[in-house]
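Q: Have a look at the structure that comes next, please.
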Amino acid sequence: IEKDSRDISPCCESGTCLCEGYNGEILVGTYQGMYVYFPDENIIENYMYSRDIEYSISHNWINDIYRDSHHRIWVATPAGLNKFEVSTGKFSKYGEANGFTNLVCTNIIADNTNVLWITTDNGIVKYNSESNVVVRTYGIDDGVLSTNFEKNSSMMDKNGVIYFGSNDGLVYFHPNNI
């Protein structure tokens, strides 16, 4: 997309991740915030961190974007987890007050019960997205191979096994077995 209907063009050429929103919008993570492209209107919006705006995203580096089964948009940044409301353009931020022991979030995926699994620099976080609290963080002491996860490197297979890519190899588990 070079320019939208308002003659606005994206200012960043480095996309880090992609996600399709519930209504067909395209969410693009970059190192300069998150862009949302509304193809029906041919409009691009950019969302960047601002300490002066309460509902801005928590950081401009976007590591992962995930849409859960309830159509909520979750965004992983080096400054915590964010939930994005497309209709208002507002972000809710989740961090230490919600139980995170490390704010560097690199991957987000949900299991079959809609529990979010989030990789951080401290391990794998099991996150209750309904009550917005960390249930538990699994780290090296729990048998996790690495706490150095690659951004945007997660998937769940047809059997419900979750996989995360790390600098030390592939980390995988079935949420029912831990």
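The values are calculated or read from the model by the stated rules, or taken from the named source; none is laboratory data. These numbers were taken from a predicted model, which means no experiment stands behind them. Just the protein is used for accessible areas: all its heavy atoms, side chains included, with ligands, DNA and RNA removed. Shrake-Rupley method; radii C 1.70, N 1.55, O 1.52, S 1.80 Å.
Q: Skipping prolines and chain starts, which residues have an amide H placed within reach, meaning under 5 Å, of the one on residue 15, given they are 5 or more residues away or on another chain?
A: For residue 15, whose amide H was placed from the backbone, there are no distant partners under 5 Å.
Q: Right, another one. By a straight-distance test (C-alpha under 20 Å), which aspartates and glutamates pair with residue 158 as possible cross-link partners, with residues fewer than eight away in the same chain excluded?
A: Of all the aspartates and glutamates, those that pass the test against residue 158 - Cα under 20 Å, at least 8 places apart if same chain - are 68, 111.
Q: While we're looking at this one, here's another question. Excluding ligands, DNA and RNA, what is the solvent-accessible area per residue of the stretch 133-178 at a probe of 1.4 Å, expressed in Å²? Let's see the in-between values first.
A: Details: 2800 Å² over 46 residues.
Ligands and nucleic acids excluded, the figure is 61 Å² per residue.
Q: Using the Cα gyration tensor of the stretch 14-118, with a ≥ b ≥ c the square roots of its eigenvalues, what is the shape: rounded (a/c below 1.5), prolate (a/b larger than b/c) or oblate (neither)?
A: Values: a/c = 1.67, a/b = 1.21, b/c = 1.38.
The shape class here is oblate.
Q: Still on this structure: Give the value in nm², to one decimal: projected area of the alpha carbon convex hull of the chain, averaged over all directions.
A: Numbers: hull surface 42.0 nm².
For the chain, averaging the hull's shadow over all directions gives 10.5 nm².
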